[in-house]
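**Q** My questions will all concern the structure given below.
None of the figures in this text is laboratory data; all of them are computed from the coordinates on show. Being a predicted model, the structure only gives us computed values, none of them experimental. Cβ placement follows ideal geometry from the backbone for every residue including glycine, while neighbour counts extend to all protein chains displayed.
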């Protein structure tokens, strides 16, 4: 288990410490503290003026996203302070997000992201599916620092929350955007809003993104880095009264692009391994010019380089197929002074892709990856006010996930270029997650200028992981290692027998602080918050704990 903690002291002056690029208050925002012209966010799971939110955050409006020609989350947050994006080897919708240096790049299903991504309050569990399209958004919010109390699991670095545009009851509207550019870029998106009655409206959005990659394969002529996406979202909103509303939403993305363009920058022919040998026979010795599994490296592999960086020598198919979609149901009702909100979500993600990590025409370190993931979540929130000076939000949360990842990795070949015969490592990993949580937060206006807030979340999460791995030498590749270490040509050997491990993690993540109005539109706030992330590894489940304590602007203390 990994926990992060943050202590933050900051000052808000006319909104500049947070976001000055957010949208103004939407018409549907219902709060006596919200006025026209206010910048409205839901960083604390309710609509608030950004001036009143004691969180280091940035909110980006739909207008800003459009003006920057932003296509996905990775592009949208490129301008946000203290946030970095590291693209994965597949490209596509991989989201290696880091906030203040905390995040996750390994896209194995055994490792969870360090930054939580939410679409209309639905958590996106896998790093591979997190850089979603920003089509038809109302706004995007980036919350820096641990958000474990209100947002929950895997928000140790922060959270990215996308709020999509709601269907409107008062008008029919159509909007469309087309883009044409270099490398055969042709993008088109459209949104249609249709009121079906005074209380029922539907909003449909669709898009297509197409662009030829800038990398070309020398041997096959195939393009790498291609984008070929088509998708959309359909939202149905039913609001018979101010106290009750239902929103049903479904979205789907189909991507049929190609992996990122990769090239070989250097090649060491003298690289090798230490071959074991009993001391009486000369002891272990170093064997140069072989792969980690002892397969001799081709002498001319280093020739697969070019001064033209747009050319690659990959020996894998130019394939990166993605199917990503889900359904959500949001129900909000007034129970007589207490607002009940139910958020239900189901999502599925399928990815099939190839990568050539050696970037040569030989199948030395080629990778085939198939991922299938499915998740379901349910959240109940109860919120309200106590008198005129206090408000609260409490809730229950469940998250369940099933994922399977099949990875085949070539570890050396003695065949000519582009001949798909190698010594293979075949790996299967499956993951099942059940996570339950109860949370709550309250805020008190002690005086007209002093507000105190406190919250806590209790989480129990069970993970079951299954692994198995075999070394496949049916392609009869010759290796310098003895059969006791590497399977003989024509045979298969179990490298890791079927293993099943499980563990349950429990965490309590508090949040508390103060908010002081020093003058008109000048506020000082301080807060302490913790985040939680259960820990798994490729070899099994383990428990870890670390609590960095961050005090602005630059001091970092770690305690184990």
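**Q** Which one, (i) 30.4, 91; (ii) 26.3, 90; (iii) 26.7, 99, gives Rg and Dmax of the Cα atoms in Å as derived from the coordinates shown?
**A** (ii)
**Q** Evaluate E = 1/(1 + (r/R0)^6) for residue 208 and residue 246, where r is the Cβ-Cβ distance and R0 equals 51 Å; express this FRET efficiency to the nearest 0.05.
**A** Working: r = 30 Å, r/R0 = 0.59.
Between residue 208 and residue 246 the formula returns 0.95.
**Q** Arranged by the count of other C-beta atoms within 10 angstrom, fewest first, what order do 532, 244 take? Mind dumping the intermediate values first?
**A** Details: 532 27, 244 14.
The order, fewest Cβ neighbours first, is 244, 532.
**Q** Tell me, how many Å apart are the Cα centres for segment 113-156 and for segment 35-73?
**A** Cα centroid to Cα centroid, the span is 14 Å.
**Q** So for each of 428-439, 43-54, 491-502, 329-340 I average, over its residues, the number of other beta carbons within 10 Å; can you give me the resulting order with the highest mean first?
**A** 43-54, 428-439, 329-340, 491-502
**Q** Follow-up question, since we're still on this one. Could you list 138, 63 in order of exposure, starting from the residue whose Cβ has the fewest other Cβ atoms within 10 Å?
**A** On the way: 138 16, 63 12.
Least crowded to most crowded, the residues run 63, 138.
**Q** Would you order 521, 139 from fewest to most other beta-carbon atoms within 10 Å of each residue's own beta-carbon? Before the final figure, lay out the partial values.
**A** On the way: 521 11, 139 25.
Fewest-to-most Cβ neighbours within 10 Å comes out as 521, 139.
**Q** Moving to a separate point now. Remind me, relative contact order of segment 113-260 in percent, using alpha carbon pairs under 8 angstrom and six or more residues apart?
**A** On the way: 341 pairs, mean separation 23.8, N = 148.
Over segment 113-260, the number comes to 16 percent.
**Q** Compare the peptides 455-467, 196-208, 166-178 by average per-residue count of other Cβ atoms within 10 angstrom and give them in order, highest first. Intermediate values should be presented prior to the final figure.
**A** Working: 455-467: 18.8, 196-208: 16.6, 166-178: 12.9.
Listed from highest to lowest mean packing, they are 455-467, 196-208, 166-178.
**Q** Output the relative contact order of the chain, whole-number percent, from Cα pairs under 8 angstrom with separation of 6+ residues.
**A** Details: 1609 pairs, mean separation 82.1, N = 560.
Reported as a whole number, the value is 15 percent.
**Q** Return the FRET efficiency for the residue pair residue 180, residue 78: r is the Cβ-Cβ distance, R0 is 22 Å, and the value is rounded to the nearest 0.05.
**A** Details: r = 22 Å, r/R0 = 1.02.
So, using R0 = 22 Å, E works out to roughly 0.50.
**Q** Quick check: residue separation of residue 218 and residue 519 times 0.36 nm, minus the Cα distance between them. What number comes out in nm?
**A** That pair, residue 218 and residue 519, stretches by 101.8 nm at full extension.
**Q** For residue 499 and residue 329 in the same chain, what is the full-extension length gain: residue separation times 0.36 nm, less their Cα-Cα distance, in nm? Walk me through the numbers before you get to the answer.
**A** Details: separation 170, 0.36 × 170 = 61.20 nm, distance 3.73 nm.
Full extension from residue 499 to residue 329 adds 57.5 nm.
**Q** Just order 370-376, 153-159 by mean Cβ neighbour count inside 10 Å, highest at the front, would you?
**A** Working: 370-376: 18.4, 153-159: 28.3.
Ranking the peptides 370-376, 153-159 by packing returns 153-159, 370-376.
**Q** Right, next: Could you work out the helix-only [θ] at 222 nm for the chain, with each DSSP H run of four or more residues adding -39,500 (n - 2.57) and the total divided by the number of residues, to the nearest 500 deg cm²/dmol? Could the numbers behind the result be given before it?
**A** Details: 2 runs with 10 residues, N = 560.
The per-residue figure over the chain is -500 deg cm²/dmol.
**Q** Taking Cα pairs under 8 Å and at least six residues apart, what relative contact order does segment 273-345 come out at, in percent?
**A** Taking the mean separation of contacting Cα pairs over the length of segment 273-345, I get 15 percent.
**Q** Give me the number: length gained by fully extending residue 197 to residue 168, i.e. 0.36 nm times residue separation minus the C-alpha to C-alpha distance, one decimal in nm.
**A** My answer for the length gained is 9.4 nm.
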